[in-house]
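J.: Handing you a structure now.
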Amino acid sequence: MKTGGRVKGTPNKDNPLKGYLRAHSTKYFTEVVDNGMTQFEIDQMGLAPDDRVNAELRLLEFHQAKLKAVDANINTNNVTITIEDKLRELCQEEED
């Protein structure tokens with residue numbers, strides 16, 4: 001049961017800045033401007049090789065989710081528990 005918020009199916013508000021940025025990026029990466037090359041490719045050719053790689057890596061960050069580090073604390077106490085022991089524990093019975 002929904003108790004608040006927007007009604008299901010309500011579209012998000014229009015964001016003119018987001019639309020402008022999307023259109024600009026699409027044009028920058030896809031529109032051919034000179035000799036069959038996009039403006040992005042022309043700009044990439046003007047960079048040093050190491051700067052070109054860094055630019056590519058930074059762009060890839062937008063296409064791949066970053067993984068978050070997870071700490072795991074695993075204690076292994078080499079104790080063997082049989083199924084009978086587990087069942088007794090579940091039934092809260094004492095051992096014979």
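The values are calculated or read from the model by the stated rules, or taken from the named source; none is laboratory data. Just so it is clear, the model here is predicted, and its values are computed rather than measured. All Cβ positions, even for glycine, are placed from backbone atoms using ideal geometry, and neighbour counts span all protein chains on display. The area values use the complete protein model at the heavy-atom level, side chains included, leaving out ligands, DNA and RNA. Shrake-Rupley method; radii C 1.70, N 1.55, O 1.52, S 1.80 Å.
J.: If I model a spin label as a point 7 Å beyond the Cα along the Cα-Cβ vector, how far apart are those points for LEU67 and ILE81 in nm?
T.: 3.1
J.: Expressed as a whole percent, how much of the Cα-Cα distance distribution for the chain exceeds 22 Å?
T.: Pairs farther apart than 22 Å: 69 percent.
J.: Oh, and also: Please report the carbon-and-sulfur percent of the accessible area for the chain; probe 1.4 Å, protein heavy atoms only, DNA, RNA and ligands left out.
T.: 54
J.: Please list the non-local residues whose amide H lies under 5 Å from the amide H of THR38, H modeled 1.01 Å from N, same-chain partners needing a gap of 5 or more.
T.: So THR38 has HN proximity to VAL33.
J.: Related question: Please find, in a Gaussian network model of the chain (springs between Cα atoms separated by less than 10 Å), the residue of ILE74, ILE83, ILE42 whose mean-square fluctuation is greatest.
T.: Per the Cα network of the chain with a 10 Å cutoff, ILE83 tops the list.
J.: Out of the chain, which GluC sites (Glu not before Pro) are coil in DSSP terms and have no more than 10 other C-beta atoms within 10 Å?
T.: GLU31, GLU61, GLU93, GLU94, GLU95
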